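Everything below concerns the one structure shown next.
The values are calculated or read from the model by the stated rules, or taken from the named source; none is laboratory data. Just so we're clear, the structure is a prediction, and the values are computed from it rather than from any experiment. Positions of Cβ are generated from backbone atoms using ideal geometry, with glycine treated the same way; all protein chains shown enter the neighbour counts. Note: areas computed on protein heavy atoms with side chains; ligands, DNA, RNA excluded. Shrake-Rupley method; radii C 1.70, N 1.55, O 1.52, S 1.80 Å.
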Amino acid sequence: GDAGFHGSTGAMTLNQPIVGIGVTPSGNGYWLVASDGGIFTFGDAGFHGSTGAMTLNQPIVGIGVTPSGNGYWLVASDGGIFTFGDAGFHGSTGAMTLNQPITSVIQTRLGYDLVAADGGVFNFNSPFLGSGASRELRGSIVDASSRVGGW
């Protein structure tokens, strides 16, 4: 494949485990996010902030990168959203009672979608294109991604 290696946290002592990766639009860098919201940048990924020093209600489970690559969203398992750089806040499920925890955030052209373990999809400034919440799943949804480019 054409995936390039730009570094890792392998030699570091981490406070919490890595739970997500966001790739820069150029493909020449990435952000790793830990469950406490600590951000680790590699290649051409810029640091725009983190929740590493905050007390969170629930752990961070994913990262979504803005189309420009100049910002990112961190999502917690309760659907709380934390915005950095040019990432806009469009809402969250942080105040809702969820059937299953959120497992990932997907960046869209103008906003983001949150995906829950039961396949539920919550849209924020993006169109609803369907959900797996009413389907019988053999297991839990653990991650989701969007197509790269082609906006």
For Thr66, the residues 5 or more places away or on another chain with a placed amide H closer than 5 Å to its own amide H are Gly71, Tyr72, Trp73
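Any idea of the accessible area per residue across segment 1-133, 1.4 Å probe, to the nearest Å²? Please list the in-between numbers first.
On the way: 6400 Å² over 133 residues.
Heavy-atom accessible area per residue stands at 48 Å².
Classify segment 64-131: rounded, prolate or oblate, from the alpha-carbon gyration tensor (a ≥ b ≥ c, eigenvalue square roots; a/c under 1.5 rounded; otherwise prolate if a/b is larger than b/c)? The partial results should precede the final answer.
Values: a/c = 2.09, a/b = 1.50, b/c = 1.40.
Since a/c reaches 1.5 and a/b is larger than b/c, the shape of segment 64-131 is classed as prolate.
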At 7 Å along the Cα-to-beta-carbon direction for both Gln58 and His90, put a label point, then send me their distance in nm to one decimal.
-> 1.9
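How high is the relative contact order of segment 1-124, in percent, counting Cα pairs under 8 Å that sit 6 or more residues apart? Walk me through the intermediate numbers first.
Working: 268 pairs, mean separation 19.5, N = 124.
RCO, segment 1-124: 16 percent.
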Could you tell me which of rounded, prolate or oblate describes segment 1-81, using a ≥ b ≥ c as the square roots of the eigenvalues of the alpha-carbon gyration tensor, with rounded for a/c under 1.5 and, failing that, prolate when a/b is larger than b/c and oblate otherwise?
-> oblate
